[in-house]
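Engineer: Quick one: structure below, then a few questions.
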Amino acid sequence: MKNNVWLFKLVIIFITLLNCLSEDICFQVCSIFLISIIFIVVIEKISNSKYILCLFLFFSLGSILYNSCFIALLSLVVFDFCVVDLNKVSLAIIVIQGVCISNKPNLYIYIALTIISIIFSRTVNSNRNKQVKYLEWLDNERKLRYELEDARRKLINTSNDIAYLTEVRERNRIAREIHDNVGHSLSGVLIKLRAAEKLQDVDREKSRLFLRDSIERLSEAVIEIRETVHNLKPKESSSISYLERIINEFKFCKVNLSLNGDFIDIGIQYLEVIISSVKEALTNVSRYSKATKVDINIDINENYIRLYIKDNGIGCQRIKEGMGLSGMRERLKQLGGSLSVSSDNGFMIVGIIPKGELGFYEKDINSR
């Protein structure tokens, strides 16, 4: 649009030059053309303030009074004032001044160029307003994106803090249970064993009584320690061994399971999603596929987790996602992942979960 404005003003100058060819070209005429071009450059490149536009207006009126062939310059003034949104009354006064001081042959040229200038200035303003709105929209979109990223970062930090505090609380609970229950029991057992040792030669019956009581209390302490350790173990339904058991118990067809990567530091919620996805896929295989073999590959690297499930069944012509596939997609989406399916040469499911900060904070927690 900027180039179009330059072209428009050069066309006006060229029309003015053609209009002056019928006159004698003298030093004053050349000076007027040169000063007009300087005004155009200043307005377009430096500043289009109303003070400069007023100077251009006075210069144009003086030039027209000197020679009416410069009447086209006033249409440039009208264009510039329209671009800066001059009020309609002032603009009408400028137009009327041009009509009053121009002679009849140049009047039609002036009116035509003024109408064109007003129409073109409206187009320029409209495009400029659209550009301003577009830039504002870009700024708002960028601001919202930064706010969203900041909220995501805070959510991740909060999630890590909650996990850390949960682990600390669990450690404190276990330490308190061991101290309050097992610790006191072992202290009592130690006292009775020492007493039994001293009474062994004095009162054997009482010494045996202390020994039997110590054995009972040691048995209770062992049970309490086992229960405490049992509570530390992850649920069976969220472990790789549970996944392997599901596959071993699947009798519909042969299942080839391939595990690649380090599964030690993977979050429990990721294992739960993987296991539930495999269970749903095997259920669909037994219902619809008529397959004789299923390949399941689970790959973990530094960047992502990849779940690949492919059978050699009949596939389907049109994939219609029911509760099973849509549930798998939703569970992966909640962890920032995605799900792709294909029915060419059997049925294939590929799930990708980015290995970001969520779910993989065990190392950071243990390092605190």
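Rule-based calculations on the coordinates, nothing more; no lab input. Only a predicted model underlies this, so the values are computations on that prediction, with no experimental measurement involved. In this analysis, Cβ positions are derived from the backbone assuming ideal geometry, glycine residues included, and neighbour counts consider all displayed protein chains.
Engineer: Which of the peptides 66-72, 106-112 is most tightly packed, and how do the rest follow, going by the mean number of other Cβ atoms within 10 Å of each residue? The partial results should precede the final answer.
Structural biologist: On the way: 66-72: 21.7, 106-112: 16.4.
Going by the mean number of other Cβ atoms within 10 Å, highest first, we get 66-72, 106-112.
Engineer: Further question: With respect to the cross-link table entries Lys293/Lys333; Lys45/Lys130; Lys254/Lys333; Lys45/Lys143; Lys310/Lys355; Lys251/Lys355, which display a Cα-Cα separation exceeding 26 Å?
Structural biologist: As for pairs spanning more than 26 Å Cα to Cα, those are Lys293/Lys333; Lys254/Lys333; Lys45/Lys143; Lys251/Lys355.
Engineer: Here's something else I'd like to know. Can you work out the FRET efficiency for the pair Phe8 and Arg142, with r the C-beta to C-beta distance and R0 = 25 Å, to the nearest 0.05?
Structural biologist: Result of the calculation: an efficiency of 0.15.
Engineer: For Ile162 and Asp150 in one chain, what is 0.36 nm times their gap in residues minus the Cα-Cα distance, to one decimal in nm?
Structural biologist: Working: separation 12, 0.36 × 12 = 4.32 nm, distance 1.81 nm.
Result for the pair: 2.5 nm of gain on full extension.
Engineer: Sticking with this structure for a sec: Quick check: pseudo-label points 7 Å beyond the Cα along Cα→Cβ at Ser31 and Tyr288, how many nm apart are they?
Structural biologist: It is 9.0 nm.
Engineer: Starting from the Cα-Cα distance between Asn297 and Lys50, subtract it from 0.36 nm times their residue separation and give me the gain in nm to one decimal.
Structural biologist: Result for the pair: 81.7 nm of gain on full extension.
Engineer: Hey, another quick one. Given a Förster distance of 25 angstrom, what is the FRET efficiency for Arg217 paired with Arg169, based on the Cβ-Cβ distance and rounded to 0.05?
Structural biologist: Efficiency at R0 = 25 Å is approximately 0.30.
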